[in-house]
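The values are calculated or read from the model by the stated rules, or taken from the named source; none is laboratory data. Bear in mind the structure is a predicted one, so any value in this text is a computation, not a measurement. In this analysis, Cβ positions are derived from the backbone assuming ideal geometry, glycine residues included, and neighbour counts consider all displayed protein chains.
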């Protein structure tokens, strides 16, 4: 399908592996992709620099960053530097869960979609190889889709944007393979929760583990750069 054939779409772009793949998938589907990144006070701010790189390399029609400052309420190792990022998997929902993060992100994306008259909002949530976050499950996506239908002018007029989560049921290896087939340069991305200012990864956190396992299972060379031990 040719570029722009399906009109504008909002793509939530964190700068990580998953969202970079989603941007490539949305473009391949013929959308003019308006990338939206959120500066929420995350400790791994290098991902925002990665998002800018990915948007430029991935052919986004535009890219903007909105600040929310979820660090003002804390409650997560990603927004409160006094809480250590775990170096091993934990039972239950981990401390890297950011309260209401995807709800906030999609709400901002929903507003932006109305401004653009976009027919879709793409988000890179995944319910297979993930950390157990409640806002990465199919039930959450379904619930937000219902919200979009009643909470917006577009929804009341019967034109609520669709919440597209194309990675929802894919393994991390499948995501890597899909991105590779679409030409995604994963060397531009940052996934690590403890990434240093240069975007180098710790190799110990859950995000690093899932990413490394995905490349290994996909039998694809991993371009991740790690900082010295």
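Filtering region 145-178 to residues that are touching a strand residue (DSSP E or B) at 6+ places or on another chain (Cβ under 7 Å) and under 12 Å from residue 113 (Cβ atoms) leaves 148, 161, 162, 163, 164.
Restricting attention to region 67-102 and to residues that are exposed (fewer than 15 other Cβ atoms within 10 Å of the Cβ), touching a helix residue (DSSP H, G or I) at 6+ places or on another chain (Cβ under 8 Å) and without any contact (Cβ under 8 Å) to a residue 60 or more places away in the chain, the residue that is farthest from residue 34 (Cα to Cα) turns out to be 93. If the condition is being more than 24 Å from residue 20 (Cβ to Cβ) and surrounded by 15 or more Cβ atoms within 10 Å (Cβ to Cβ), then region 103-147 contributes 114, 147. Checking each residue in region 112-126 for being over 13 Å from the mean Cα position of the chain (by Cα), touching a residue at least 12 places away in the same chain (Cβ under 8 Å) and either at negative phi or outside any loop (DSSP other than H, G, I, E, B) (or both) picks out 112, 113, 114, 116, 118, 119, 120. Say we look at region 187-215 and pick out the residues that are out of contact with any strand residue (DSSP E or B) (no Cβ under 9 Å at 6 or more places or on another chain) and more than 21 Å from residue 127 (Cβ to Cβ); which of these is surrounded by the most Cβ atoms within 10 Å (Cβ to Cβ)? Looking at the filtered set, the residue picked out is 199.
Within region 1-32, if we keep just the residues that are farther than 18 Å from residue 180 by Cα and within 14 Å of the chain's Cα centre (by Cα), the residue that is surrounded by the most Cβ atoms within 10 Å (Cβ to Cβ) turns out to be 11. Could you tell me whether residue 220 is surrounded by fewer than 17 Cβ atoms within 10 Å (Cβ to Cβ), at pLDDT 95 or above and farther than 30 Å from residue 111 by Cα? It is true that residue 220 is surrounded by fewer than 17 Cβ atoms within 10 Å (Cβ to Cβ), at pLDDT 95 or above and farther than 30 Å from residue 111 by Cα. The set of residues in region 26-52 being within 21 Å of residue 167 (Cα to Cα) and in contact with a helix residue (DSSP H, G or I) (Cβ under 7 Å, 6 or more places away or on another chain) consists of 33, 34, 35, 36, 37, 38, 50.
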